[in-house]
């Protein structure tokens, strides 16, 4: 049996309350980049509204990351599919 880690998701899923905060490595994995690349691009992500780590805990809220990814990829909550990006032209 795998020992629970509390990191959320995958084979090492926490067996108790849902853990929302992701450590930097898990954030990097979620974005499909390495930890070194995440550190490099984090200022750019912040400028684009990417959720930042909690200053006291150091983890980043996973649902907030999911919401950011949906906004960046123009995913509509209603239909679960793609929606047209607004370009400011009526």
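The values are calculated or read from the model by the stated rules, or taken from the named source; none is laboratory data. What you are looking at is a predicted structure, and each value in this text was computed from that prediction instead of being measured. Cβ placement follows ideal geometry from the backbone for every residue including glycine, while neighbour counts extend to all protein chains displayed.
Quick notes
- Residue within the range 9-18 that is within 21 Å of residue 73 (Cβ to Cβ) and modelled with pLDDT under 95 present: yes
- Residue match in the range 25-46 (condition: surrounded by 11 or more Cβ atoms within 10 Å (Cβ to Cβ), modelled with pLDDT under 95, out of contact with any strand residue (DSSP E or B) (no Cβ under 9 Å at 6 or more places or on another chain) and not in a helix (DSSP H, G or I)): no
- Qualifying residue in the range 62-72 (condition: surrounded by fewer than 10 Cβ atoms within 10 Å (Cβ to Cβ), assigned to a helix (DSSP H, G or I) and at pLDDT 95 or above): no
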